[in-house]
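Reading through the structure tokens given below for one structure.
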Amino acid sequence: MPNSQPINIEALLANIPLFNGLAPDEIARIARGTREVNAGKGEILFHKGDPCNGFHLIVYGQIKLAFTSSQGTEKVVEILSQGHSFGEAVMFMDKPYIVFAQALTDSLLLHISKNAVFDELARDHNLCRKMLAGMAMRLHQLMNDVESYSLHSGKQRIIGYLLRELPEHDGHGRNVVITLPTNKGIIASRLNLTQEHFSRILHELSEDGLIVVEGRRIHVPCVANLKKHEG
């Protein structure tokens, strides 16, 4: 497991964009309703159908949100990392979780209780607007995903994903290296593809000279050439 030293919850909360601008006493009130959650790789944080009593914030690590179909097939909804939060919408709906959450790496999270959030929302309408904006961004991303699954080929989805994973300063460069954040099976599920289809498309892109695959490292000889095939 990662470092088990106690953390300064108030300092972490104060550095979250969601809580930017809150006064120290406001941060302190939220911190009283916040607890640490250490999750080892592979550990389930919650299952579909469990009650939602707050939302999670990832201090470090990587979390997968997914559900399992009646046929036993897993569908990855999101892959989240440091600084991301999840569970806010379900918390507001007062419904049980509709997905399960699993740690893909050793992770440290904060669980911020529903009561602490609701009490602070009653005091600070700016916080309310920030949370609404955050959920609206997530909804916008989900709509983009639906559009991609419906209108884009598997090849276009993978190229689009690789381009989004480019380091910011390498958006137009040559000989760029992308390190996939997790294994290819999980990424394939996130893109609504089978692992076999995902691997086949990577092989096709390699044969076309658009990428070179070395495990989880993807070399892009020319970003501009890859973009031409995005569609």
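Coordinate-derived values only; no laboratory data. As the structure is a computational prediction, the values presented were derived from the model and not from experiment. Every residue, glycine among them, receives a Cβ derived from its backbone with ideal geometry; neighbour counts consider all protein chains shown.
In order along segment 79-92, phi translates into HN-Hα couplings of 10, 10, 9, 3, x, 7, 10, 7, x, 4, 5, 5, 4, 5 Hz, rounded to whole numbers, per the Karplus curve 6.51 cos²θ - 1.76 cosθ + 1.60 with θ = phi - 60° and x for Gly and Pro.
For LEU139, neighbours were defined as the other residues whose beta-carbon sits under 14 Å from its Cβ, and their charges (Lys and Arg +1, Asp and Glu -1) total -3. Taken about its Cα centre, the chain carries a charge dipole of roughly 260 debye when the Cβ of each Lys and Arg holds +1 and the Cβ of each Asp and Glu holds -1. Each Lys and Arg Cβ is given +1 and each Asp and Glu Cβ -1; about its Cα centre, segment 15-103 then shows a dipole of about 140 debye. Residues whose amide H falls under 5 Å from that of ILE16, counting only those 5 or more places apart or on a different chain, are absent, with hydrogens built in the peptide plane. Placing unit charges on the Cβ atoms of the charged side chains and taking the dipole of the chain about its Cα centre, the candidate lying farthest along the positive direction among GLY54, PHE86, MET137 is MET137.
By definition, a body whose alpha carbon gyration tensor gives a ≥ b ≥ c is oblate when a/c is 1.5 or more and a/b is not larger than b/c, and segment 1-146 fits this oblate description.
In the chain, helices alone account for a calculated mean residue ellipticity at 222 nm of -12500 deg cm²/dmol, with every DSSP H run of four or more residues adding -39,500 (n - 2.57). Highest mean packing first, where packing is the average number of other Cβ atoms within 10 Å per residue, the peptides 186-194, 77-85 line up as 186-194, 77-85.
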